[in-house]
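Report on one structure; see the data block that follows.
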Amino acid sequence: MRILYIGTPYSIHDVKWATFFSAQKEYEIFFACEKENIPAGKTEKDVKEYYRQLNITYLGSIHSFSVSHLAATFRSIFKLKGLVRENKIDLVHILFAAPFALWGPSLPCKYMITTRGSDILIVIPGLKNQRGIKGQYFNLLFKRFKNSFNNAVALTGTSLRQVERTKELLGLKPEPIVIRTGVDVDSISATSNTDLLDLKLKGQKFIFSPRYMKPVYNIGLQIEAINKLDKNILGNYWFVFVRGDNYDKNYFDGILQQLEALKARGLKYLVVNSMSQQEIAQYYKYASLTIMTPLSDGTPNTALEAMAAKCPLIVPNLPYDEVLFDETCMKLKSYDATELAEKITGAMTNYPSAMIDKAFDAVNKFGNRKTEMEKLQNIYLTVESIKAHHGRKV
């Protein structure tokens, strides 16, 4: 089966889905993206080589879908259609609904859509809240999204809340189902290699913030909480952050300034630009605590990986799937820095061991990558028998 993924270059989540199938001889896997998502400093050649090493054929990029730039949009549609036909693609799998699902109705083959969180929970619903001329433009985009979802042969979301929101917002056929990205529970559980940690952390205790330094991940709240911690904790623990490749420079620089200012209180911190999957697993394994404070979320692999590594975990009060997050970690009641500081202090002094064990059991049962990808494989195997109805208009 020849599958083309439309997604984000270098996205760990996208790579996990694609490589599960590129490793199997029964599949030939292709990847395409929007040009605007290629990280600064990376070329098309770099992206092609990256995917070649993963046994995935990179087909190039197209410009973002835009109703206000129809000429460029039509050129991208023409290119995308040509890539599908030239490579005899059986199925296009759109890996993040907003904006990539906008291409769906123009595809000359069957396609499916996966939502990941903010796409269906924030971006697409937000299109209905605009007024005036801008509102008319966004209404066109919303209709395009709805058309795309309703003409897909399969729909999945990475959390129950996404699936429910998709049905509520778009009134869909086919019925969306939950397929979480999942994590490699066995390999994370068995991993042990301190050589992959930064040299500054060798023999040190540290608290890990794995979400990228972007506004949606609310890193500023963590900085406020750190400022409220007892100097004893600041003196005994490093705080580790991950910048990420595509980042908001102004936001990032502001966070760095705040971290630098906290050195006066004894803060020791480290910012890692990016991590491989092997590296990040070691950080979970050896961290004393993992903290996440996103403003919106799906089923976060960052949390599942921490649970698989048996690392204590703090998450925000978001409607996460109960089967994974009920009594398996510490939860904030609100986005309050004082509360977060108290939770950090409590986790460092008396984190329940029973919670760690329950978290591992939950991720092994409901967030195991192999199990989740087998669900996806079942869709791929049956998709040829599903009659697809495709629009053809921009």
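The values are calculated or read from the model by the stated rules, or taken from the named source; none is laboratory data. Model, not experiment: these values are computed from the prediction. Note that we place each Cβ from the backbone using ideal geometry, even for glycine, and neighbour counts take in every protein chain shown. Accessible surface is based on the protein model in full, side chains and every heavy atom, while ligands, DNA and RNA are left aside. Shrake-Rupley method; radii C 1.70, N 1.55, O 1.52, S 1.80 Å.
Figures for the structure shown
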{"read-out": "Residues (out of contact with any Lys or Arg (no Cβ under 8 Å at 6 or more places or on another chain), at pLDDT below 90 and open to solvent by 60 Å² or more (accessible area, probe 1.4 Å)) located in segment 246-276", "value": "Asn246, Lys249"}
{"read-out": "Matching residues, segment 128-178, being among the β-branched types (Val, Ile, Thr), within 21 Å of Pro99 (Cβ to Cβ) and within 21 Å of the chain's Cα centre (by Cα)", "value": "Thr156, Thr158, Val163, Thr166"}
{"read-out": "Restricting segment 143-158 to residues that are over 30 Å from Thr302 (Cβ atoms) and part of a helix (DSSP H, G or I), the residue that is least open to solvent (accessible area, probe 1.4 Å)", "value": "Arg144"}
{"read-out": "Qualifying position, being farther than 20 Å from Ala281 by Cβ, open to solvent by 10 Å² or more (accessible area, probe 1.4 Å) and not small (Gly, Ala, Ser), among Asn364, Asn378", "value": "Asn378"}
{"read-out": "Conditions (1) more than 28 Å from Leu127 (Cα to Cα); (2) open to solvent by less than 40 Å² (accessible area, probe 1.4 Å); number of the one not met by Gly104", "value": "(1)"}
{"read-out": "Breaking point among (1) part of a strand (DSSP E or B); (2) touching an Asp or Glu at 6+ places or on another chain (Cβ under 8 Å), for Met112", "value": "(2)"}
{"read-out": "Any hit, segment 299-309, residues being open to solvent by 50 Å² or more (accessible area, probe 1.4 Å) and not in a helix (DSSP H, G or I)", "value": "no"}
{"read-out": "Cross-chain or 6+ apart pairs with Cβ under 6 Å, segment 115-132 first and under 14 Å from Leu169 (Cβ atoms), then open to solvent by 30 Å² or more (accessible area, probe 1.4 Å) and modelled with pLDDT under 90", "value": "Leu127/Phe138"}
{"read-out": "Count - residues of segment 216-266 that are in a helix (DSSP H, G or I), under 29 Å from Asp119 (Cβ atoms) and touching a residue at least 60 places away in the same chain (Cβ under 8 Å)", "value": "7"}
{"read-out": "Residue satisfying condition, being open to solvent by 10 Å² or more (accessible area, probe 1.4 Å) and either polar (S, T, N, Q) or in a loop (DSSP other than H, G, I, E, B) (or both), within set Lys128, Lys79, Lys16, Lys42", "value": "Lys42"}
{"read-out": "Single match in Leu318, Leu340 (criterion: assigned to a loop (DSSP other than H, G, I, E, B) and either of a type in the set (A, V, I, L, M) or free of Cβ contacts under 8 Å to residues at least 12 places away in the same chain (or both))", "value": "Leu318"}
{"read-out": "From Tyr320, Tyr335, residue being aromatic (Phe, Trp, Tyr) and in contact with a Leu (Cβ under 7 Å, 6 or more places away or on another chain)", "value": "Tyr335"}
{"read-out": "Sole residue being among the β-branched types (Val, Ile, Thr) and surrounded by 23 or more Cβ atoms within 10 Å (Cβ to Cβ), chosen from Ile113, Ile122", "value": "Ile113"}
{"read-out": "Qualifying residues in segment 168-215 (those that are in a loop (DSSP other than H, G, I, E, B) and among the polar types (S, T, N, Q)) - the one modelled with the lowest pLDDT", "value": "Thr191"}
{"read-out": "Every residue from segment 45-76 that is part of a loop (DSSP other than H, G, I, E, B) and open to solvent by less than 80 Å² (accessible area, probe 1.4 Å)", "value": "Leu54, Ile56, Ser64, Phe65, Ser66, Val67, Ser68"}
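Table: residues versus (1) over 23 Å from Val183 (Cα atoms); (2) of a type in the set (Gly, Ala, Ser); (3) open to solvent by less than 30 Å² (accessible area, probe 1.4 Å).
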site: Val315; (1), (2), (3): no, no, yes
site: Leu324; (1), (2), (3): no, no, yes
site: Lys331; (1), (2), (3): no, no, no
site: Leu340; (1), (2), (3): yes, no, yes
site: Lys343; (1), (2), (3): yes, no, no
site: Asn350; (1), (2), (3): yes, no, no
site: Ser353; (1), (2), (3): no, yes, no
site: Asp357; (1), (2), (3): no, no, no
